[in-house]
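In what follows, a single structure is set out as structure tokens and then discussed.
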Amino acid sequence: MSSLPDPAVLDTATVDALASRLDTAQTSRADTPSLADTHAFGIDDAYAIQAALLARREARGERVVGVKLGFTSKAKMAQMGVSDVIVGRLTDAMRVADGDDVDLCRFIHPKVEPEVAYRLCRDVDLSDPATDIESCVDAVAPALEIIDSRYRDFRFTYGDVVADNTSAAAYAIGPWRPVRDMSNRAVRMVGSGAAGSAGTEVIGSTAAVLGDPVRALHALLDMCRRRGIPLRGGQVVLAGAATAAVPLTAGVTACEVAGLGTVSVRGVR
Ligand code: 0L1
Ligand code: MG
């Protein structure tokens, strides 16, 4: 369980004001200090701020098309002093087609991380204790997640990052394949760098995602039950990062997951 207090302490007006602050940071590409610098709040408040933030995006016409998990590695949980995963929402405006350009000016200080994505083939009944989440998934794909904390220098508390929709900013999904065992698959993410600059390479394993990405589905079901976050057929699930995130720079960034395939984006200015 998390080390943050659960009970909500913020009133609706404050929740909305904090959501507005994060929304403005995202739309104006101007970072903001940690909310926790000025407000004491619990994890229930943090998810309420996240919901208010999403409501603002939906009011602008964006559609929720998926969910993402964060803090799925032991290292990240230890760093944040928590033992729970966190859940954020993906919208259609965050989607980048495989191989497409992504304008770096959309972001404040973007980072990219290699992931595995699952596709839900039916609505998930959160109220049924017998729900088998694995049977609600029909495909798996390599993915890149672009995270872009709205907080200055990526400095945030556990509550801050939940409120900030878990730093979700954009994502790309490679070719969908029938579901298969994804445990301990090699993952390689390569950034070509801009012309004349050195590239980057990070190597990891899907085992970094809760030991096996399929466990992320079970953690997701648990969190969505606790937080009342619906899971709908057709939505995508980003299971969590297989390596630490690295800065997203100009040029092509590609991720290959062994036995699954590749996905790429091209950062442009
Ligand atoms: O998707 C993730 O694992 C990121 C969660 C938020 C933490 C961060 O912004 O570094
Ligand atoms: Mg991620």
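None of the figures in this text is laboratory data; all of them are computed from the coordinates on show. In this text, all values refer to a predicted model and were calculated from it rather than measured experimentally. Backbone-built Cβ (ideal geometry, glycine too); neighbour counts: all protein chains shown.
Net charge dipole, the chain: roughly 440 debye, given to the nearest 20, about the Cα centre with Cβ charges of +1 for Lys and Arg and -1 for Asp and Glu.
In terms of overall dimensions, the C-alpha atoms belonging to the chain reach 49, 48, 37 Å along their principal axes, ordered largest to smallest. When the alpha carbon gyration tensor of the stretch 1-139 is reduced to an equivalent ellipsoid, the three semi-axes, largest first, read 25, 23, 17 Å.
Here Lys111 is the anchor, and the aspartates and glutamates within straight C-alpha reach of less than 16 Å, apart from those fewer than 8 places off in the same chain, are Asp31, Asp101, Asp103, Glu145, Asp148, Asp153, Asp164, Glu201.
How high is the FRET efficiency between Ser28 and Thr200 when r is their beta carbon distance and R₀ equals 30 Å, given to the nearest 0.05?
Details: r = 28 Å, r/R0 = 0.95.
With a Förster radius of 30 Å, E is 0.60.
Given Thr200, Phe154, Ala59, which one lies farthest toward the positive end of the charge dipole of the chain, if we put +1 on the Cβ of every Lys and Arg and -1 on the Cβ of every Asp and Glu? The listed residue farthest towards the positive side: Thr200.
Taking Rh as the Kirkwood radius, which is the inverse of the mean 1/r over Cα pairs, what is the Rg/Rh value for the stretch 98-161?
Details: Rg = 16.7 Å, Rh = 15.1 Å.
Reported Rg/Rh (Cα atoms, Kirkwood Rh): 1.11.
In angstrom, the C-alpha Rg and Dmax of the stretch 114-269 are 16.2, 56.
Projecting the Cα atoms of Met80, Leu231, Leu104 onto the charge dipole of the chain, computed from C-beta unit charges around the Cα centre, puts Leu104 farthest toward the positive end. GNM remark for the chain: springs join alpha carbons under 10 Å apart, and the peak mean-square fluctuation among Ala168, Ala36, Ala25 falls on Ala36.
In a simple Cβ point-charge model (Lys, Arg +1; Asp, Glu -1; nothing else charged), the stretch 110-269 has a dipole of about 360 debye relative to its Cα centre.
With 0.36 nm allotted per residue and the present C-alpha distance subtracted, the His218-Cys121 stretch has 33.3 nm of extension available.
Computed over neighbours whose Cβ is under 12 Å from that of Glu113, the net charge equals 0, Lys and Arg +1, Asp and Glu -1. On the principal axes of its alpha-carbon atoms, the stretch 179-223 has extents of 46, 21, 17 Å, going from largest to smallest.
Compute for the stretch 5-80: radius of gyration divided by Kirkwood radius, i.e. Rg/Rh, restricted to C-alpha atoms, rounded to two decimals. It would help to have the intermediate numbers written out before the result.
Working: Rg = 13.7 Å, Rh = 13.9 Å.
Over the Cα atoms of the stretch 5-80, Rg/Rh equals 0.99.
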